[in-house]
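Heads up, the thing below is written out as structure tokens.
The values are calculated or read from the model by the stated rules, or taken from the named source; none is laboratory data. Everything numeric here is computed off the predicted structure, so don't read it as measured data. Note: ideal-geometry Cβ built from the backbone for every residue, glycine included; neighbour counts use all protein chains shown.
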Amino acid sequence: MEHSNHIDNTVNHLFRQESGKMVAVLVKIFGAENIEMAEDVVQDALVSALETWKYRGMPDNPRAWLYRTAKNKAIDIIRRNKYSTRIDFSDPNKQLLTSGYTMNVTMDNYWKEDQIKDDFLAMMYACCHPDISEENQITFILKSLCGFSTKEVARSFLTSEDTISKRLYRTKEYFRKHKIRPKIPTSNEIAAKTKTVLNAIYLMFNEGYNATHADQLIRKDVIEQAMLLCRSLLSVERTQLPEVYALMALMCFHAARLDSRLTTEGELILLSKQDRTQWDTVIIQSGKKYLNKAAFGDTLSTYHIEAAIAYEHCIAKEYKNTNWSMILKYYDIFLNITHDPIVFLNRCMVILELHGPDKALKAIETIKNNKVIEKYYLYHATLGEIYIRLQQNTKAVIHYQKAIQLTQSKPEKQFLKDKVARILN
Amino acid sequence: MKEFLYLIRGGQEKYEKNSPDEMQKHMEHWQEWMGGLAQAGQLVGGQPLMTEGKTLSEGGAKIIDRPLAEGKELVGGYLLIKADSLDHASEIAKGCPSFEYGCTVEVREISPM
Amino acid sequence: MKQFIFLFKGGDELWDSKSEKEQEVHMQDWMQWIDGIAKKDQYLGGERLYPGGKTIHPGGIKVTDRPLTETKELVGGYIIVKANTIEEATEMAKGCPGLLWESSVEVREVWPED
């Protein structure tokens, strides 16, 4: 039993790490219109691995074994489809796959280490095309590049498998229709295209970080995968951009605090009440290294600022030692480059800490009667917090109630209800 | 451009004596040569053949358990390529890696049925 | 399924001795035979060849202005088919109309890529 558990764990881990790369190589071979063919080969290889390893034990190099198996299965498919129109062999390089004289060398060339890295990144850029909705982007990335099953993706999004299947279908249709040929963008468009990739990675990370449902394993998996994707961008020189380092740093600073954010019952713990001894100093240190690397060049992305703010929190020994004036400066810069209402509200909270409730109220009132912002639960939660500090409990309760109505998140609702209860008692 | 068939004949004995290293090198030569043809849009296709075979003759009544031609004349594989003329096709055939193990290449033009 | 090539050899002299009408009827037989294979989804392609040709001899330098083999062994065409075994392929080859016109059919398995 222990033996087969060990194999399950290794296979799971290996699969999360490698399946996306294998899919990327196979998509290059079969064409993006045959992405299902690629996924099937990878799935088959995994099943073979599980069956063979349970029976004969683990091979010395499981990764190489898995790749070899996928490669052989790909050869089988090419043999079977050599004369069919399913696979487009018109590209001169692919044409060599159809002859026994050149099949093996051509196939081996597709599976060279550097090539695999590039193909994986190319696939990421293809998945994050602006024409594909963000939701569909992340769904597809989790399924095809991170080796999640449809069921696991559904669990991480708290939605049905059916919904996930529909989203996947739409993305695959897009690939088929537009005959997408994944490639890493050229240097003059890489910054713009990387932006959408980073956006997807960060959304995915937040999905794992903020989805406060009970399924801790899936959440951590999603977070880990988001960080893995970002690291893979950093592993290739062409995509080592400052904003990529910045996002990596930011995710490290968040991830370091992951375990202290929730109670064992899944309730949110405020930053001020978190047990800071639980924060992972090793991840904070590597985050710092990434942040230093993010400082070259003249790019200042929102990730830079968010990372800088998160870093300030990470290095404060106690909540009361937090360098609020530094953080306020970062928020000022932040608001200069983006008009995100959440950033604005967070800035108000910093003013509350630094200059007290009167100043905070003044700050938040500068956007009063803004229809959009009034629909954010965070706007009302912030006002509630400010009114408590002003000891205007009735106003505080009214805003907290609005916030409860506006948020979908169960733990958030519970958290706000507890606050109201405390005021009323 | 017209289409031509290369019948690659013989060389079996020498090929079988190749060391794995020589084999690898040889395969890379094929890759290079055929890759060049493919890039130039001149490769149609082709395959190496297994040595074993059967031959039917006399109206199908006689079947022998080997290819008709053996040894130096055994067809070991074929390629279909595009070229302007028989001479052009023959010129291209001179680069065929099969000569490394003593093959003969017969160049034939495809005819309409 | 495996892939096999049928090499049609010889029979050119007999072909040349036939009338145009007879050749036409014979070609129809060929078409029907190939069509039957295609209908079973076992036909992958094939061509007929001009009898002339050039041969490049070992070493790749010497060129002669004719096919290496002639008369009885001259390859006049080929088709590629799918079959499970060489026996099945041989059975299919028995229907080849060329056999009735003094051709022989050499059945060879295509090198499997593994």
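Tabulated results
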{"read-out": "Scope segment C:93-114; condition over 17 Å from residue B:64 (Cβ atoms) and over 13 Å from the mean Cα position of the chain (by Cα); matching residues", "value": "C:100, C:110, C:111, C:112, C:113, C:114"}
{"read-out": "Of all residues in segment A:158-168 being of a type outside the set (Ser, Thr, Tyr) and without any contact (Cβ under 8 Å) to a residue 24 or more places away in the chain, the one that is surrounded by the most Cβ atoms within 10 Å (Cβ to Cβ)", "value": "A:161"}
{"read-out": "Subset tally (residues that are in a loop (DSSP other than H, G, I, E, B) and of a type in the set (Gly, Ala, Ser)) for segment B:37-48", "value": "2"}
{"read-out": "Residue in segment C:49-73 that is surrounded by the most Cβ atoms within 10 Å (Cβ to Cβ), counting only those that are assigned to a strand (DSSP E or B) and of a type in the set (S, T, N, Q)", "value": "C:55"}
{"read-out": "Checking residue A:83 against (1) at pLDDT below 90; (2) buried (at least 19 other Cβ atoms within 10 Å of the Cβ); (3) among the hydroxyl-bearing types (Ser, Thr, Tyr), the condition it does not meet", "value": "(2)"}
{"read-out": "Filtered residues of segment B:43-54 (kept if surrounded by 21 or more Cβ atoms within 10 Å (Cβ to Cβ) and more than 10 Å from chain A (Cβ to nearest Cβ))", "value": "B:53, B:54"}
{"read-out": "Single unsatisfied condition, residue C:36 versus (1) within 11 Å of chain B (Cβ to nearest Cβ); (2) modelled with pLDDT of 90 or more", "value": "(1)"}
{"read-out": "Breaking point among (1) assigned to a helix (DSSP H, G or I); (2) more than 7 Å from chain C (Cβ to nearest Cβ), for residue B:90", "value": "(2)"}
{"read-out": "Residue in segment B:1-20 that is farthest from the other protein chains (Cβ to nearest Cβ), counting only those that are farther than 20 Å from residue C:47 by Cα and among the basic types (Lys, Arg)", "value": "B:17"}
{"read-out": "Among (1) of a type outside the set (Ser, Thr, Tyr); (2) touching a strand residue (DSSP E or B) at 6+ places or on another chain (Cβ under 9 Å); (3) buried (at least 16 other Cβ atoms within 10 Å of the Cβ); (4) at positive phi - the single one residue B:7 does not satisfy", "value": "(4)"}
{"read-out": "Residue ID - farthest from residue A:208 (Cα to Cα), chosen from residues in segment A:259-281 that are among the aliphatic types (A, V, I, L, M) and in contact with a strand residue (DSSP E or B) (Cβ under 9 Å, 6 or more places away or on another chain)", "value": "A:269"}
{"read-out": "Breaking point among (1) within 14 Å of chain A (Cβ to nearest Cβ); (2) in contact with an Asp or Glu (Cβ under 9 Å, 6 or more places away or on another chain), for residue B:57", "value": "(1)"}
{"read-out": "Selection status of residue A:367, in a loop (DSSP other than H, G, I, E, B), among the aliphatic types (A, V, I, L, M) and within 19 Å of residue A:402 (Cα to Cα)", "value": "yes"}
{"read-out": "The one condition in (1) under 25 Å from the mean Cα position of the chain (by Cα); (2) over 19 Å from residue A:233 (Cα atoms) that residue A:319 fails to fulfil", "value": "(1)"}
{"read-out": "Residue in segment B:69-83 that is farther than 29 Å from residue A:106 by Cα, out of contact with any Gly (no Cβ under 8 Å at 6 or more places or on another chain) and within 8 Å of another protein chain (Cβ to nearest Cβ) present", "value": "yes"}
{"read-out": "Residue match in segment A:46-65 (condition: within 14 Å of chain B (Cβ to nearest Cβ), at pLDDT below 90 and over 23 Å from residue A:172 (Cα atoms))", "value": "no"}
{"read-out": "Residue among B:34, B:23 that alone is within 14 Å of chain A (Cβ to nearest Cβ), buried (at least 17 other Cβ atoms within 10 Å of the Cβ), of a type outside the set (Ser, Thr, Tyr) and not in a strand (DSSP E or B)", "value": "B:34"}
{"read-out": "Filter result for the condition that a residue is crowded, with 18+ Cβ neighbours inside 10 Å and closer than 24 Å to residue A:33 by Cβ, over A:239, A:194, A:186, A:171", "value": "A:171"}
{"read-out": "When residues of segment C:74-114 are limited to those that are among the small types (Gly, Ala, Ser) and within 7 Å of chain B (Cβ to nearest Cβ), the one surrounded by the fewest Cβ atoms within 10 Å (Cβ to Cβ)", "value": "C:104"}
{"read-out": "Cβ-Cβ under 6 Å pairs, at least 6 apart or on other chains, segment C:21-32 side within 11 Å of chain B (Cβ to nearest Cβ) and under 17 Å from residue C:76 (Cβ atoms), far side surrounded by 12 or more Cβ atoms within 10 Å (Cβ to Cβ) and modelled with pLDDT under 95", "value": "C:30/C:97"}
{"read-out": "Where residue A:36 falls short, out of the listed (1) surrounded by 16 or more Cβ atoms within 10 Å (Cβ to Cβ); (2) over 17 Å from residue A:116 (Cβ atoms)", "value": "(1)"}
{"read-out": "Residue C:13, sole failed condition from (1) away from chain B (no Cβ under 14 Å); (2) buried (at least 18 other Cβ atoms within 10 Å of the Cβ)", "value": "(2)"}
{"read-out": "Inter-residue pairs, beta-carbon under 6 Å, first free of Cβ contacts under 8 Å to residues at least 24 places away in the same chain and farther than 14 Å from residue A:14 by Cα and in segment A:55-74, second of a type in the set (Ser, Thr, Tyr) and in a loop (DSSP other than H, G, I, E, B), 6+ apart", "value": "none"}
{"read-out": "Residue A:193 vs. criteria in contact with an Asp or Glu (Cβ under 9 Å, 6 or more places away or on another chain) and in contact (Cβ under 8 Å) with a residue 12 or more places away in the chain", "value": "no"}
{"read-out": "Any hit, segment A:15-32, residues being buried (at least 22 other Cβ atoms within 10 Å of the Cβ), within 22 Å of residue A:140 (Cβ to Cβ) and among the polar types (S, T, N, Q)", "value": "yes"}
{"read-out": "Per-region count, segment B:29-82, residues among the small types (Gly, Ala, Ser) and within 24 Å of residue C:2 (Cβ to Cβ)", "value": "8"}
{"read-out": "Residue count for segment B:95-104, restricted to those that are facing chain C (nearest Cβ under 8 Å) and either acidic (Asp, Glu) or in contact with a strand residue (DSSP E or B) (Cβ under 6 Å, 6 or more places away or on another chain) (or both)", "value": "3"}
